[in-house]
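> Have a look at this one.
Read-outs throughout are calculated quantities, based only on the coordinates presented, and are distinct from any laboratory measurement. Since this is a predicted model, take the numbers as computed values, not measurements. Every residue, glycine as well, gets a Cβ built from its backbone with ideal geometry; the counts of neighbours run over all protein chains shown.
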Amino acid sequence: MNEALHDITEDIPSRRETWRANRQVMEHAPKGRRWRGRVRRGLYGMAARAARVLGPTRIVRRASARALDLDITELRLSFPDLPLAFDGYTILHLTDLHLDNIDGTAAATARRIAHVGADLCVVTGDFRDNIHTPAATVAAHFEELLQGVRVKEGVLGILGNHDSESMVEPLESLGVRMLLNETVSLRRGDDRIHITGLDDVHRFHHHQATHALRDAPDGFGIALVHSPEIVEHAAAKHRLYLCGHTHGGQICLPGGRPVAVGLKRRHRRFSQGLWQHGEMLGYTSRGIGTCVLPFRVNSRSEVVRITLCRSPHAVMD
Ligand SMILES: [Fe+2]
């Protein structure tokens, strides 16, 4: 593990064994029979077939190239209780890479972010798009993307709903510290902040995830979660929540209103951009890649660079 990161979660090998067994059961569980799930899977299948048919056409190839034109979003977030040693600390937030959906996603992202330095990089899941893409292929794509990541204190990652348990080892062999309902701390002198990373809670929610949030140490905490669907649990002990999953809608009406974001009504206010829940600030990134359809409409892909600032009042710039 990187020298800057210190494990807080105890007995990780046995916890991971439990986590892995639960994850495998959930990954192989039969699909639900509820009509909403059936409709969603039907639409998903239609979109996948449309992507296969339209993908090679010139118009879609051009749209795919435009989808890789990443926005770099700069955020300065202020907190009254940020430990002083972390005033000015920078985090590069990548999410929803879907590296296997559009050829060249890893290389284009690496080129775009190569000049964006930060102290730490966090990746909040969906490394792949197709759930049948082998873990080794995903890791090879991610290794290419890592060529452009310029950070001092390492890369933290979590899994998304498109990712599998089998991807953890190949990603960790690249030096990425995967957080599977686990917490690490960053220390500067006597000051420290902690970061809790959860397994996906959209499709693979397990009570170990809520326990990880509950058991996080006191002090300044950051939660990494693939989707904004566990905001209420995180707010008690965390000051910042970083997530993705929604792709900002990916297909939006003129003006940017998403056609769908895949969240229940009560979470839709967290579907993109900056938000606040109680004392906790959050950011839902539109992410890098595309889901199933290899293009975006009125929704630009993004990478986010966050600067943490100490200030008397919580401020979102
Ligand atoms: Fe995604």
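> From the phi angles alone, apply the Karplus equation (6.51, -1.76, 1.60; θ = phi - 60°) to segment 136-143 and give each ³J(HN,Hα) in whole Hz, x where the residue is Gly or Pro.
So the Karplus estimates, Gly and Pro as x, are 5, 5, 4, 4, 5, 4, 5, 4 Hz.
> Tell me which trypsin sites (Lys or Arg not before Pro) from segment 87-180 have a DSSP coil assignment and no more than 12 other beta carbons within 10 Å of their own.
Loop-located and lightly packed - 152.
> Right, something else. For a quick check of your reading of the filter: which trypsin sites (Lys or Arg not before Pro) in segment 246-317 sit in a DSSP loop and have no more than 15 other Cβ atoms within 10 Å?
Values: sites: 264, 265, 266, 268, 269, 286, 296, 300, 305, 310; in loops: 264, 286, 296, 300.
The qualifying sites are 264, 300.
> Among the GluC sites (Glu not before Pro) in segment 1-63, which ones are in a DSSP loop with at most 16 other Cβ atoms within 10 Å of the Cβ? Mind listing them?
Details: sites: 3, 10, 17, 27; in loops: 3, 10.
Filter output for segment 1-63: 3, 10.
> Right, another one. Apply the Karplus curve 6.51 cos²θ - 1.76 cosθ + 1.60, θ = phi - 60°, to the phi angles in segment 15-22 and return the couplings in whole Hz, x for Gly and Pro.
Calculated HN-Hα couplings, in order: 5, 5, 4, 4, 4, 4, 4, 5 Hz.
> For the residue pair residue 110 and residue 40, what label-to-label distance in nm results when each label sits 7 Å from Cα along the Cα-to-beta-carbon direction?
Modelled inter-label distance: 3.4 nm.
> If you rank 94, 263, 308 by fewest surrounding Cβ atoms within 10 Å, what's the result? Please report the intermediate quantities before stating the final value.
Values: 94 26, 263 18, 308 23.
Neighbour counts put them in this order, fewest first: 263, 308, 94.
> Whole-Hz Karplus ³J(HN,Hα) for segment 121-126, in order, using 6.51 cos²θ - 1.76 cosθ + 1.60 and θ = phi - 60°, x for Gly and Pro?
Coupling constants for segment 121-126: 10, 10, 10, 9, x, 6 Hz.
> In the neighborhood of residue 7, defined by Cβ-to-Cβ distances under 15 Å, what is the net charge if each Lys or Arg adds +1 and each Asp or Glu adds -1?
After counting each charged neighbour, the total is -2.
> Arrange the following residues from fewest to most other Cβ atoms within 10 Å of their Cβ: 146, 281.
Final ranking by Cβ density, sparse to dense: 146, 281.
> Restricting the count to DSSP beta bridges whose residues both fall in the chain, what percent are antiparallel, rounded to a multiple of 5?
40 percent
> Can you tell me which lysines have their Cα less than 29 Å from the Cα of residue 31? Leave out same-chain residues fewer than eight positions away.
264
> Taking a point 7 angstrom from the Cα of residue 3 along the C-beta vector, which residues in segment 175-219 have backbone N less than 19 Å away?
Zone members listed by number: 175-177, 185-193.
> Here's another thing I want to ask about it. Using a Förster distance of 22 Å, how high is the FRET efficiency between residue 214 and residue 277, based on the Cβ-Cβ distance and rounded to 0.05?
0.85
> Would you mind pulling out the separation of the Cα centroids of segment 57-81 and segment 9-27, in Å?
Measuring centre to centre over Cα atoms gives 34 Å.
> For n ≥ 4 DSSP H runs only, could you compute -39500 (n - 2.57) per run for the chain, divide by its residues and tell me the 222 nm figure to the nearest 500? Can you show the working numbers first?
Values: 8 runs with 84 residues, N = 317.
-8000 deg cm²/dmol, from helical runs alone.
> Among 267, 6, 245, which comes first, then next, by fewest other beta-carbon atoms within 10 Å?
6, 267, 245
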